[in-house]
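In what follows, a single structure is set out as structure tokens and then discussed.
The values are calculated or read from the model by the stated rules, or taken from the named source; none is laboratory data. This structure is a prediction, so every number in the text was calculated from the model and none was measured. Cβ coordinates were reconstructed from backbone atoms using ideal geometry, including for glycine residues, and neighbour counts include every protein chain displayed. Only protein heavy atoms, including side chains, enter the accessible area calculation; ligands, DNA and RNA are left aside. Shrake-Rupley method; radii C 1.70, N 1.55, O 1.52, S 1.80 Å.
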Amino acid sequence: MTKFYSLTAFLFIIAIVACNRQKTPHAEHNAEIIREIYTCSMHPQVLKDKPGNCPICGMTLVKKQVDGMKSDDIELESLLQPTNEFVISKIPIVTIQKKEEQIEIEALGNIAYDTREVGSISSRIAGRIEKLYVRFRYQKISKGQHILDIYSPELMTAQQNLLFLLKNDAGNTAFIQAAKEKLLLLGMSNQQLQQVILSGKPSLTVAVYSNYSGHIHEAANGTGMNKEPGIMKDISLITEELSLKEGMYLQKGQSIFTVYNPERAWAILHIYGENQGLIKTGNSVRIVPETAPEKDFMAKIDFVEPFYNKESKTLSVRVYFNNSILKIPIGSQIRATIYGNTKDAFWLPKDAVVSLGLDKVVFEKTGRGFKAHMINTGITHQNHIQVLNGIAETDSVAANAQYLMDSESFIKIKN
């Protein structure tokens, strides 16, 4: 009986040992399934099997769990590549899209006179100003308005010659006609000429009339003059007295006044460098005057000035418009939106491109990671940037390139 109990106990111990041996492989497998891995939230390429700090940025590593046998989804070759050339990550990817994007370019500018409508009032004879009927700069005048009276010895002599011929040689029509034409060329009007013939007495002065309507700008000397029409350097000059005075002498052919028409104006817009390639003659533009936003209007770009302003680093364009109804003050500031189309262009989200100064970089999807790749870009519009070359439509890049780098010096590009 004693032998029977001893044999039973022996068999029971063997059974327990056998069960333990069968359970050991499964326990080890389960331990591998729930194995804890620590990584950096900013640098997912950092993987540790115990807590600590990130060797790149120093942040505390966070715990994550991996399923499978020892993370066999990442190859050792990828992990051993330099971190400034190759990044392991599973962030979203995007591809370039080919589409026609409606471009809207914001610009600032000002209203100026249309210099194509400029008129000049000049003296046809040398003489003294007897009477001046214009009193201040930028005074508004109308066509046919009496501007000044000039006394001229040359004009007096020409009148006396005509009266002498009419009195003593009335039949000499050729000489009489030549004398009349000379007076007309010297600036005398037909009405004044007929008055001299009827009265039989020479006129002491000849009247000068304006052939234009607009604003008077003094042109007799350089005092207070603006080199650029429509841009007033000193607002106090608007009502300042003219430097041209009664009693002053004028030379033959001397320009007395310049007349600018405020009903024909230019909107001069200043375009910065990154948008200059998109501006062409004929582009639609909406003009919004800052002094009267409710008077906004649509127009087209009529002229692109062929020189670059070094001081403001801008290119200027002109929009011609009729100001007779709008009555926008000359010199006032404006805002503009220029509309243009870029056809057959490739675009990427702005966040997918990293700027390294002159170079632009994307992170191209390669295997299980991303590789830094240089591209050439064009314009930036809203949240997209134009891609000129460097990647194809089939290439995938990281949607957020900034997430894969910690500084500009991190990226190393192989050309």
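Structural remarks
- Criterion (under 30 Å from residue 377 (Cβ atoms) and at pLDDT below 85) met by exactly one of 274, 240: 274
- Hits in the stretch 191-205 (condition: open to solvent by 50 Å² or more (accessible area, probe 1.4 Å) and under 30 Å from residue 218 (Cβ atoms)): 191, 204
- With respect to being in contact (Cβ under 8 Å) with a residue 12 or more places away in the chain, open to solvent by 70 Å² or more (accessible area, probe 1.4 Å) and of a type in the set (D, E, K, R), residue 294 falls outside the description.
- Within the stretch 176-190, the set of residues being assigned to a helix (DSSP H, G or I) and either in contact (Cβ under 8 Å) with a residue 12 or more places away in the chain or surrounded by fewer than 13 Cβ atoms within 10 Å (Cβ to Cβ) (or both) comprises 176, 177, 179, 180, 181, 182, 183, 185, 190.
- Selection count, the stretch 137-162, where residues are in a helix (DSSP H, G or I) and open to solvent by less than 30 Å² (accessible area, probe 1.4 Å): 5
- Meets criteria (modelled with pLDDT under 90 and exposed (fewer than 14 other Cβ atoms within 10 Å of the Cβ)) for residue 342: no
- Residue count for the stretch 347-394, restricted to those that are closer than 21 Å to residue 45 by Cα, part of a strand (DSSP E or B) and among the small types (Gly, Ala, Ser): 2
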